[in-house]
Every structure is written in C-alpha cells, then in structure tokens.
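Data block below; observations after.
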Amino acid sequence: MKEELELVFQILTKINDKYDKSLIYPNRLEDVKENNIDSLAEDFSKWDSAISYLSKVDITKDNLEDEKNYRHGIAYLGMSLIEISNDLKKLYDILGELNQNMQKD
C-alpha cells in the first residue's frame, strides 16, 4: 500500500512540475504526501488488527472471549475506517485541486 501511494504522489509531483508547480502549491503537496503515506499505513495496520480480532470470533459459541474479541475488532475497525476516510479525503482534495486547475488552462 505504501509503495502504491508513493507512486501516486510521484505522478502528482511530475504533473505539477510539468506545469511549473502552478497546479498545486508545492509545500501543500509535500505536506499531504508526508502525512498521508505514513498515516494510511498506520490506518491499515489498525484494519489488520480489527480483522485479526474478528477472525477469532466463533459465532456458534456464546462466551466471554468471543465477546471481547468482537468488541475489540469492531472498535479497531471503526477507528481505522474513520482514519482511512479522513486521510483519503486529503488525497481527494489534492486531486480535486489538480483537476480544477488543469481545467483552467
């Protein structure tokens, strides 16, 4: 995932450079890149934790251990989805800005 995001930002940087860095303010692009790549990697590690907890739940049994794993899994899943959504919004905003500025030319 991290490699794919780095590729996306390389492409965005090259497009911005081609237009003399006039499509996206370079510092903004760099800030989003630095924060977004690491943050999304962390978000997906929480996703993995959620899946790990939820995969331990045996829905045919009714016991305290399964209930604990279920609650932890749902909590991690909720946290990761909120954080992934917030990080993707930042990326969408950059893409929207790029698209809008490209259409001006």
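Can you tell me the FRET efficiency between E3 and D58 if r is taken as the Cβ-Cβ distance and R0 is 41 Å, rounded to the nearest 0.05?
0.70
Got a number for carbon plus sulfur as a percent of the chain's accessible area, 1.4 Å probe?
Result for the chain: 54 percent of the exposed heavy-atom area is carbon or sulfur.
Around K33, under 12 Å between beta carbons, what's the net of Lys plus Arg minus Asp minus Glu among the other residues?
Summing Lys and Arg as +1 and Asp and Glu as -1 gives -3.
What spacing in nm lies between the two simple spin-label points modelled at D20 and A75, each 7 Å away from Cα in the Cβ direction?
Here the answer is 5.5 nm between the modelled labels.
Based on the alpha-carbon gyration tensor of the chain and its eigenvalue square roots a ≥ b ≥ c, which shape applies: rounded if a/c is under 1.5, prolate if not and a/b is larger than b/c, or oblate?
Judged from the Cα gyration tensor, the chain comes out prolate (a/c at least 1.5, a/b above b/c).
Could you tell me the calculated FRET efficiency between D93 and D48, based on Cβ-Cβ distance and R0 = 22 angstrom, to the nearest 0.05?
E between D93 and D48, to the nearest 0.05, is 0.25.
Round to the nearest 10 and give me the degree value, 0 to 90, for the angle of helix 64-104's Cα axis relative to the longest principal axis of the chain.
10
Enumerate the calculated ³J(HN,Hα) couplings along region 15-31 in order (Karplus 6.51 cos²θ - 1.76 cosθ + 1.60, θ = phi - 60°), each rounded to whole Hz, writing x wherever the residue is Gly or Pro.
Calculated HN-Hα couplings, in order: 5, 4, 5, 4, 9, 6, 6, 9, 7, 10, 4, x, 5, 5, 4, 5, 4 Hz.
Given the whole protein assembly as supplied and a 1.4 Å probe, what does the accessible area of E83 come to in Å², nearest 10?
Counting only protein heavy atoms, the figure is 60 Å².
The values are calculated or read from the model by the stated rules, or taken from the named source; none is laboratory data. None of the values given here were measured: they were computed from a predicted structure. Cβ coordinates were reconstructed from backbone atoms using ideal geometry, including for glycine residues, and neighbour counts include every protein chain displayed. Only protein heavy atoms, including side chains, enter the accessible area calculation; ligands, DNA and RNA are left aside. Shrake-Rupley method; radii C 1.70, N 1.55, O 1.52, S 1.80 Å.
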